[in-house]
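A short worksheet on the structure shown next.
The values are calculated or read from the model by the stated rules, or taken from the named source; none is laboratory data. It should be emphasised that the depicted structure is a prediction, and the values quoted were computed from it without experimental measurement. Neighbour counts run over all protein chains shown; Cβ positions are idealised from the backbone, glycine included. For accessibility, only protein heavy atoms count, side chains too; no ligands or nucleic acids. Shrake-Rupley method; radii C 1.70, N 1.55, O 1.52, S 1.80 Å.
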Amino acid sequence: MDLSISEHYMSLPFDLAGSRSKNRFRNEMLWGLKKMLDLYSQEQDFTMIFDYSCDIEVHREDSLEFYQVKTQNNNDAYKVNKLINPNKSGDSILGKLYRLKFTKDFVELDDTILGLVSNAPLDDGKTVHKTIEKLNLAEIDNDAVENIKLKLKTELRLDNDINLINTNFERTGINLIQPDESLVGEIVFFFERTYDSEPKKAAMLFRILKQEIENKASYEFKLAEYEELLSKKGINKGFLSNLFHKYIDNTDIALEKAKNFIQDRYHSKYKKRIAIMRSLTQLLGQLSSHNEIIKQLEEKAMTWFVNRLDDLPDDEDGIIQVIIESLCEEKPIEITIYDIEALVILVMKKFEEGVYGE
């Protein structure tokens, strides 16, 4: 292909009529969120476009992917004929998607990836493919393949048969009718895989991503410039990276730093080191179980760092001593001085890691 990806893409047919006619956000678009999480771990940059030439598109520097999402509201399988039978306008579901594989000179681009995504399995006439998540349409029942090629050749008015390369049917486990709960869970799993930590406020992060997708999907005007299209209709990896890093829960990192600090600070004072480390372990359990007294002491220690940092000494030893003295004035009798010191060190490391940020 002599054209660049951007030049080729801007010559493709676009379909904003659906967006204008429904003028509302479709839950199917949220499949794109799951797809973005899957793509994020790959090294290559990408931009995901919502509701322009088709439902969801993946744009990379040297490749394009197009996905059409179709929700099945009953328990029936998705039959091949449903994909290839034309509607009153003469367009079939697969035919309309397959147009995007061709240049303006009707050259079929095998590298362009197409995906029909549904919550139902595909029935090719011989087999209902219930156990396969991603199915290459060129590898299903031979009669179904020949039928697809014949119908699309006729619909698209082609001289040659289509290749049907890189054309897939994907069954998603995401609840496309009510996707919110399952996608919050996907975000948590993504953070555990990617950052070895759960996200802070996973539900809030999901709402931000959902709103961003809705904003991109609902922009209803044709765009003449490729870069403007990426900006108005797309979400890129850089945006996701900046957003995700705001929601990384750095508590585990802060805990490791607190342990290392105690080890270094009291490396030659065995008994005190052991006492403070034990206090730290107990504090973690109390914080996890939302012990009200410990939470209040943590908040008071945190206030020194968040609101009164300028009032504290420059050195760490001085900082710890000032806050210990402040907390000891009102600590309950059952809280030991070792508990207070362990808590102050933990709060100091949490502050350094941005745990008390946004």
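Out of the residues in the range 121-132 meeting the condition of being touching a Phe, Trp or Tyr at 6+ places or on another chain (Cβ under 9 Å) and in a strand (DSSP E or B), tell me which one is surrounded by the most Cβ atoms within 10 Å (Cβ to Cβ).
Residue satisfying both the conditions and the ranking: 122.
Out of the residues in the range 59-74 meeting the condition of being under 17 Å from residue 227 (Cα atoms) and outside any strand (DSSP E or B), tell me which one is least open to solvent (accessible area, probe 1.4 Å).
At the first step, the residues of the range 59-74 found to be under 17 Å from residue 227 (Cα atoms) are 59-64.
Now narrow it down to the ones that are outside any strand (DSSP E or B): 61-62.
Details: 61: 165, 62: 109 Å².
Filtering the range 59-74 for residues that are under 17 Å from residue 227 (Cα atoms) and outside any strand (DSSP E or B), the one least open to solvent (accessible area, probe 1.4 Å) comes out as 62.
Looking at (1) aliphatic (A, V, I, L, M); (2) open to solvent by less than 20 Å² (accessible area, probe 1.4 Å); (3) farther than 30 Å from residue 123 by Cβ, which is the one condition that is false for residue 183?
(3)
Cβ-Cβ distance below 6 Å, separation of 6 or more or different chains: which pairs start in the range 1-15 with a residue that is of a type in the set (Phe, Trp, Tyr) and end on one that is at pLDDT 85 or above?
Taking only residues 6 or more apart or on different chains, the pairs are 14/52; 14/53.
Return yes or no: is residue 278 of a type in the set (Lys, Arg), under 19 Å from residue 331 (Cα atoms) and either open to solvent by less than 90 Å² (accessible area, probe 1.4 Å) or in contact (Cβ under 8 Å) with a residue 60 or more places away in the chain (or both)?
In short, yes.
Would you point out the residue of the range 79-120, among those that are outside any strand (DSSP E or B) and polar (S, T, N, Q), that is surrounded by the fewest Cβ atoms within 10 Å (Cβ to Cβ)?
Only one residue fits best here, namely 89.
So residue 291 passes all but one of these: (1) out of contact with any helix residue (DSSP H, G or I) (no Cβ under 6 Å at 6 or more places or on another chain); (2) open to solvent by 80 Å² or more (accessible area, probe 1.4 Å). Which condition number does it fail?
(2)
Among (1) surrounded by 14 or more Cβ atoms within 10 Å (Cβ to Cβ); (2) hydrophobic (A, V, I, L, M, F, W, C); (3) in contact (Cβ under 8 Å) with a residue 24 or more places away in the chain; (4) under 12 Å from residue 347 (Cβ atoms), where does residue 306 come up short?
Among (1) surrounded by 14 or more Cβ atoms within 10 Å (Cβ to Cβ); (2) hydrophobic (A, V, I, L, M, F, W, C); (3) in contact (Cβ under 8 Å) with a residue 24 or more places away in the chain; (4) under 12 Å from residue 347 (Cβ atoms), the lone unmet condition for residue 306 is (1).
Go through the residues of the range 326-341 one by one and say whether even a single one is touching a Phe, Trp or Tyr at 6+ places or on another chain (Cβ under 8 Å) and surrounded by 11 or more Cβ atoms within 10 Å (Cβ to Cβ). I'd like the intermediate steps shown before the answer.
Taking the range 326-341 first, the residues touching a Phe, Trp or Tyr at 6+ places or on another chain (Cβ under 8 Å) are 326.
Now restrict to residues that are surrounded by 11 or more Cβ atoms within 10 Å (Cβ to Cβ): 326.
Scanning the range 326-341 turns up at least one residue that is touching a Phe, Trp or Tyr at 6+ places or on another chain (Cβ under 8 Å) and surrounded by 11 or more Cβ atoms within 10 Å (Cβ to Cβ).
What helices (runs of 4 or more DSSP H) lie completely within the range 194-255 and have 2 or more residues being at pLDDT 85 or above, farther than 16 Å from residue 32 by Cα and not small (Gly, Ala, Ser)?
In the range 194-255, the matching helices (runs of 4 or more DSSP H) lie at 226-233, 237-246.
Could you go through the range 170-178 and let me know if any residue there is in a helix (DSSP H, G or I) and crowded, with 19+ Cβ neighbours inside 10 Å.
No: zero hits.
Mind checking whether some residue in the range 174-189 is within 19 Å of residue 134 (Cβ to Cβ), touching a helix residue (DSSP H, G or I) at 6+ places or on another chain (Cβ under 8 Å) and of a type in the set (Asp, Glu)?
Yes, because at least one residue in the range 174-189 is within 19 Å of residue 134 (Cβ to Cβ), touching a helix residue (DSSP H, G or I) at 6+ places or on another chain (Cβ under 8 Å) and of a type in the set (Asp, Glu).
Here is a list: 299, 330, 334, 341. Which entry is of a type outside the set (A, V, I, L, M) and either closer than 13 Å to residue 261 by Cβ or touching a residue at least 40 places away in the same chain (Cβ under 8 Å) (or both)?
Just a single option satisfies the conditions, and that option is 341.
If I ask for residues that are open to solvent by less than 70 Å² (accessible area, probe 1.4 Å) and outside any helix (DSSP H, G or I), which ones from the range 133-167 would you list?
Scanning the range 133-167 gives 135, 136, 140, 141, 156, 158, 162, 163, 164, 166, 167.
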